[in-house]
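Note sheet for the following structure.
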Amino acid sequence: MTDILPPKRKGQVVVLCAPSGTGKSTLVKKLREEFPQIGFSISCTTRDPREGEIDGIDYSFLSVEEFNDKLEVGEFAEWAEVHGNFYGTPKKPIEKMLFKGMDILFDIDFQGCMQLMETMPEAVFVFLMPPSYAELKSRLEGRDTDSKPVINRRLRNAMKEMASAPKFEYWIVNNDLDKAYSELKSIYLAGKNRPCSNPGLLESILSTWE
């Protein structure tokens, strides 16, 4: 009997969203280190680079004028203004990676995530939470990158974002980094076996029935 090759797998999109200071970037880095084949959506932003961030790797850092030019010609899959800065995800790299069957990880802000729920409903949406208000405040202050008014604004926004957590498929509380990463990894691996990630697989197996 000749085996029938399964159809080409479709790349899945995993969207990780969290209030600022929750530890999202750390978890993204760990997942990409273990699964380097995951495509990463590099966002464009008009904010200044933080210490250690590299243009074209962490973000594509643009001027407001450059960002608006891209926005006007429809280059973004999603975009938002967050804490006085603009963020956006370019469409073309995403389309190319999905076509090749690559999985894609989105590390985006809350507003952009809400847009993707409308435009990419088949994506896996994960909400990362802080264990408490006090812990989130401590983390934001500990970064020593923002002024007190900015920190207070981030905390107010976090309250609003937490209220929308029921819209997400999965919740992770980042109280213990190793545990939070294990949960994110499990969600990613499980998503690879969803029917929408394997179009035509059932039909190809059923075609072997005589």
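At a glance:
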item: Compactness index (Cα Rg / 2.2 N^0.38 Å), the stretch 97-155; result: 1.52
item: Exposure proxy ranking, count of Cβ atoms within 10 Å, fewest first, for Glu78, Glu135; result: Glu135, Glu78
item: Nearest 10 degrees, 0 to 90: helix 133-143 Cα axis against the chain principal axis; result: 80
item: Which listed pairs, of Lys91/Lys148; Lys96/Lys160; Lys96/Lys148; Lys8/Lys179; Lys24/Lys148, have C-alpha distances above 31 Å, in listed order; result: Lys91/Lys148; Lys96/Lys160; Lys96/Lys148; Lys8/Lys179
item: Under-5 Å amide H pairs with Tyr59, H placed in peptide plane, nonlocal only; result: Ile54
item: Cβ-based exposure ranking for Lys100, Lys185, in which fewest neighbours within 10 Å come first; result: Lys100, Lys185
item: Phi to ³J(HN,Hα) by Karplus 6.51 cos²θ - 1.76 cosθ + 1.60 over the stretch 73-89, Hz, x for Gly, Pro; result: 9, x, 7, 9, 6, 7, 7, 6, 9, 10, 6, x, 10, 9, 10, x, 10
item: Top of Met129, Met114, Met159 by mean-square fluctuation, Gaussian network on the chain, Cα under 10 Å; result: Met159
item: Cross-link reach list, aspartates and glutamates versus Lys192, counting only Cα pairs under 19 Å and skipping chain neighbours closer than eight places; result: Glu33, Glu34, Glu95, Asp103, Asp107, Glu122, Glu169, Glu183, Glu203
item: Radius ratio Rg over Rh of the stretch 1-95, counting only Cα atoms, Kirkwood formula for Rh; result: 1.08
item: Calculated FRET efficiency for the pair Ile42/Arg156, C-beta based, R₀ 22 Å, to 0.05; result: 0.20
item: Packing-based exposure ordering (other Cβ within 10 Å, fewest first) of Asp146, Asp178; result: Asp178, Asp146
item: Over the chain: Rg over Rh, Cα atoms, Kirkwood Rh; result: 1.01
item: Estimated [θ] at 222 nm from DSSP helical runs (n ≥ 4, -39500 (n - 2.57)) normalised by residues in the chain, nearest 500; result: -12500 deg cm²/dmol
item: Charge sum, other residues only, whose C-beta stays under 11 Å from Ala18's C-beta, Lys/Arg counted +1 and Asp/Glu -1; result: -2
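Coordinate-derived values only; no laboratory data. Just so it is clear, the model here is predicted, and its values are computed rather than measured. Cβ coordinates were reconstructed from backbone atoms using ideal geometry, including for glycine residues, and neighbour counts include every protein chain displayed.
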